[in-house]
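The values are calculated or read from the model by the stated rules, or taken from the named source; none is laboratory data. What you are looking at is a predicted structure, and each value in this text was computed from that prediction instead of being measured. Neighbour counts run over all protein chains shown; Cβ positions are idealised from the backbone, glycine included.
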2 protein chains.
Amino acid sequence: MKSVLVAGGAGFVGSHLVDRLLRRADIARLVVVDNLWSGLVDNLSHIRDPRFHFEPSDVEAVQSPHLFDEIYHLASPASPPWYMQQPERTISANLIGAMRLRELLKDGGRFCYTSSSEVYGDPIVSPQPESYRGQVDCTGPRSSYDESKRCTEAFLFESQRVRNLDVRVVRPFNIYGPRTRADDGRAVSNFAMQALTGRPITIYGDGLQSRSWGYIDDIIEGFERFFWRDTFDYRGPLNIGNDREISVIDVARHVCKLVPGSRIIHVDPAPQDPTNRCPDLTLARQLLPGWSCHIPYEQGVKMTIDWFANQMRRERRAVSNG
Amino acid sequence: MKSVLVAGGAGFVGSHLVDRLLRRADIARLVVVDNLWSGLVDNLSHIRDPRFHFEPSDVEAVQSPHLFDEIYHLASPASPPWYMQQPERTISANLIGAMRLRELLKDGGRFCYTSSSEVYGDPIVSPQPESYRGQVDCTGPRSSYDESKRCTEAFLFESQRVRNLDVRVVRPFNIYGPRTRADDGRAVSNFAMQALTGRPITIYGDGLQSRSWGYIDDIIEGFERFFWRDTFDYRGPLNIGNDREISVIDVARHVCKLVPGSRIIHVDPAPQDPTNRCPDLTLARQLLPGWSCHIPYEQGVKMTIDWFANQMRRERRAVSNG
């Protein structure tokens, strides 16, 4: 029976991974470590499983009397306005977080890390295969996130080389879906919240920048297969995402269709916003046969809007009952 | 009067920088912090200056009751065999070192960092301007050095953005000269020591990979002008190096000429050895008019061999007197 730690488990992606892990029968204990910087207790409040424990702590300072068989490191904000506001803390969470977590891993245990497609920066190759070395400005306003993801990959793959650490590293592309923070600041949740609250939908720049949106359930399915379900020697990095490239303005227009009365306005471009981002999924298809991002964005965006609308109703009820 | 800290001040480059700093009349106290991982006490043993203090400590753990007006962060091994052997420690020295040192800086103090031309990885653009985003494999065997330099740049430039830290970041290209360790492992010192001890000169691969060797005195002159002597608003990154590109085999042949009886052999290429590396010095020439790497490699290599030969004589005398 396994003991498992999920750092950042109260976050958007982390909490979905926790749900998935708790489906496993071979886990005796699952500890979530989260300092609730961008994570929310609410994301875990539905869990009634006695194996589950929540430890409020910075990942760099986490204490545990036990070592773990598997560690999942997702402790980092992922949205530009969040990490740009506290860049030093972002670097620390990723890299010093990884260093601390590795100390809590049993000999022979597995260390799984969610890196990011941001390691490719503003790519001049499209789609981006894992071998593409990227185009990141290491002095720019996005560098705390991009470079700490890169440096944490370096730390983990070098730990594999010199001490045979069993690592698994994924590079997820843009993920969206239920449990994104209302104030997350990225496109889909922004558009959904703006439309639902009757505010104009704001597009940074012309909106022609493209992204490859992967719905959370599809992404978590990829993580599950790579991190623990399937067996292979390859340890990463592995692109996990949707290779259907959609422009930001197309998503905004779709939100307008779903929420009648919405309107779009354009504001200044975000600093160093990548013009495109699309995974080369050759490796993922080979390693995880049958896996792909099945849910089209039209459907995923609708489910996300429905979830946000439901959250707003719950909050209104809570206020009126309070 | 200023108080100054030099982390890594017992190293090859650090000790030359310390000599240069001690020429200044406005410094009241200069503390060198070094854990002697790749630094050598011998590099500082000539100093008789009462302002000078040596603090044996890891940079990440350095303690000081005083804050400093200027901090120079050079604490990192710079030779591939050294950092590849202890990659986690290399990342820690650079990045956690920078985090710790920043805590020791007075408000309004200046933080100077020696990054590296390795942030460009194996470049597909030549020469490399500072704006070139590089070509680093963040999962490869050189990544601990390359990525921790990149991530430390990110940390510093983001500290500048969010808290107005006065940073100065240089990206030196290949440096050589006296006080390189005999077991450093990079080309010029390897060739010199091999020739002087009657061993064959080993070239990794065909030797056609080019480097831009800068003699230490020229490099330190560039550091001095950028770090404290000249005045400007630009804070880096700034390429400092020699833009005369010389192939490894040409240097080896020159060593053969200087040390009669030497011979060259070829061994397997080093992993991910860059094929070329040459600074675009447009910015340096503009900011530091009149500065360049004046000393041609033919002369610099000769001075380096002479220094190594002298060191060997000193050691033999020490042994025969011991």
Worksheet item: Do we have any residue at all in segment B:127-146 that's of a type in the set (Phe, Trp, Tyr) and touching a Phe, Trp or Tyr at 6+ places or on another chain (Cβ under 8 Å)?
Response: yes
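Take the residues of segment B:102-122 that are under 16 Å from B:Val170 (Cβ atoms) and of a type outside the set (S, T, N, Q): which is nearest to the other protein chains (Cβ to nearest Cβ)? It would help to see each step written out before you state the result.
Residues of segment B:102-122 that are under 16 Å from B:Val170 (Cβ atoms), as a first pass: B:110-120.
Within this subset, residues satisfying the condition of being of a type outside the set (S, T, N, Q) are B:110-113, B:118-120.
Numbers: B:Arg110: 17, B:Phe111: 13, B:Cys112: 15, B:Tyr113: 12, B:Glu118: 12, B:Val119: 6, B:Tyr120: 10 Å.
Among them, the one singled out is B:Val119.
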Item to complete: For segment A:93-117, enumerate the residues that are touching a residue at least 24 places away in the same chain (Cβ under 8 Å) and of a type in the set (Asp, Glu).
Response: none
Worksheet, complete the sentence: From the option list A:Gly97, A:Gly108, single residue qualifying as over 26 Å from B:Arg102 (Cα atoms) and of a type in the set (Gly, Ala, Ser) is A:Gly108
Response to the item:
Reported set for segment B:272-322 where residues are of a type outside the set (A, V, I, L, M, F, W, C), closer than 18 Å to B:Ile220 by Cα and in contact with a Gly (Cβ under 6 Å, 6 or more places away or on another chain) is B:Pro279, B:Thr304
Worksheet item: So which pairs qualify, if the first residue must be in segment A:71-92 and under 16 Å from A:Gly14 (Cα atoms), the second must be hydrophobic (A, V, I, L, M, F, W, C) and assigned to a helix (DSSP H, G or I), the Cβ gap must be under 6 Å, and the two must be at least 6 apart or on different chains?
Response: A:Ile71/A:Leu101; A:His73/A:Ala98; A:His73/A:Leu101; A:Leu74/A:Val13; A:Ala75/A:Val59; A:Ala75/A:Ala93; A:Ser76/A:Ala93
Discussion item. Filter segment A:154-210 down to the residues that are more than 19 Å from the chain's Cα centre (by Cα), of a type in the set (Ser, Thr, Tyr) and away from every other protein chain (no Cβ under 14 Å) and list them by number.
Written reply: A:Thr197, A:Thr202, A:Tyr204
Fill in: B:Ser189 vs. criteria over 30 Å from B:Met312 (Cβ atoms), buried (at least 20 other Cβ atoms within 10 Å of the Cβ) and in contact (Cβ under 8 Å) with a residue 60 or more places away in the chain
no
Practice prompt. Among what's in segment B:275-292 and is assigned to a loop (DSSP other than H, G, I, E, B) and of a type in the set (D, E, K, R), pick the residue that is surrounded by the fewest Cβ atoms within 10 Å (Cβ to Cβ).
Written response: B:Asp280
Worksheet item: How about segment A:42-73: which of its residues are surrounded by 13 or more Cβ atoms within 10 Å (Cβ to Cβ) and of a type in the set (A, V, I, L, M)?
Response: A:Leu44, A:Ile47, A:Val59, A:Val62, A:Leu67, A:Ile71
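If you go through segment A:5-26 one residue at a time, how many are outside any helix (DSSP H, G or I) and either small (Gly, Ala, Ser) or more than 21 Å from A:Asp217 (Cα to Cα) (or both)? Write out each step before concluding.
Residues of segment A:5-26 outside any helix (DSSP H, G or I): A:5-11, A:22-26.
Add one more test, that the residue is either small (Gly, Ala, Ser) or more than 21 Å from A:Asp217 (Cα to Cα) (or both), and what stays is A:7-11, A:25-26.
Counting residues in segment A:5-26 that are outside any helix (DSSP H, G or I) and either small (Gly, Ala, Ser) or more than 21 Å from A:Asp217 (Cα to Cα) (or both) gives 7.
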Worksheet item: Assuming A:Ser76 fulfils every condition listed in (1) within 13 Å of another protein chain (Cβ to nearest Cβ); (2) under 19 Å from the mean Cα position of the chain (by Cα); (3) of a type in the set (Gly, Ala, Ser) apart from one, which condition is it?
Response: (1)
Practice prompt. Scan the strands (runs of 3 or more DSSP E) fully inside segment A:34-139 and keep the ones with 3 or more residues being aromatic (Phe, Trp, Tyr).
Written response: none
Item to complete: Mind counting the residues in segment B:293-322 that are outside any helix (DSSP H, G or I) and at pLDDT below 95?
Response: 2
Discussion item. Looking at segment A:5-38 only, could you name the residues that are more than 22 Å from A:Leu104 (Cα to Cα) and either modelled with pLDDT under 95 or small (Gly, Ala, Ser) (or both)?
Written reply: A:Ala25, A:Ser38
Worksheet item: So which residues in segment B:123-152 are within 18 Å of B:Pro77 (Cα to Cα), touching a residue at least 40 places away in the same chain (Cβ under 8 Å), of a type in the set (D, E, K, R) and within 7 Å of chain A (Cβ to nearest Cβ)?
Response: B:Glu147
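Taking segment B:154-172 as the region of interest, how many residues are closer than 14 Å to A:Tyr145 by Cβ and crowded, with 19+ Cβ neighbours inside 10 Å?
Going through segment B:154-172, the residues closer than 14 Å to A:Tyr145 by Cβ turn out to be B:154-155, B:157-158, B:161-162.
Okay, now just the ones that are also crowded, with 19+ Cβ neighbours inside 10 Å, so B:154-155, B:157-158.
The number of residues fulfilling the criteria is 4.
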Worksheet item: Scanning for something surrounded by 20 or more Cβ atoms within 10 Å (Cβ to Cβ) and of a type outside the set (Asp, Glu), does segment B:263-271 turn up at least one residue?
Response: no
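Residue check: is B:Leu196 surrounded by fewer than 23 Cβ atoms within 10 Å (Cβ to Cβ) and either farther than 30 Å from B:Gly109 by Cα or of a type in the set (Phe, Trp, Tyr) (or both)? Steps first, answer last, please.
Details: surrounded by fewer than 23 Cβ atoms within 10 Å (Cβ to Cβ): yes; either farther than 30 Å from B:Gly109 by Cα or of a type in the set (Phe, Trp, Tyr) (or both): yes.
Spelling it out, B:Leu196 is indeed surrounded by fewer than 23 Cβ atoms within 10 Å (Cβ to Cβ) and either farther than 30 Å from B:Gly109 by Cα or of a type in the set (Phe, Trp, Tyr) (or both).
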Fill in: Residues within segment A:234-292 that are farther than 18 Å from A:Gln209 by Cβ, of a type in the set (Lys, Arg) and touching a residue at least 40 places away in the same chain (Cβ under 8 Å), tallied
2
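Being within 14 Å of chain A (Cβ to nearest Cβ) and out of contact with any helix residue (DSSP H, G or I) (no Cβ under 8 Å at 6 or more places or on another chain) is the filter here; which residues of segment B:221-270 pass it?
Within segment B:221-270, the first condition is being within 14 Å of chain A (Cβ to nearest Cβ), and the residues that meet it are B:234-239.
None - no residue of segment B:221-270 is within 14 Å of chain A (Cβ to nearest Cβ) and out of contact with any helix residue (DSSP H, G or I) (no Cβ under 8 Å at 6 or more places or on another chain), so the list stays empty.
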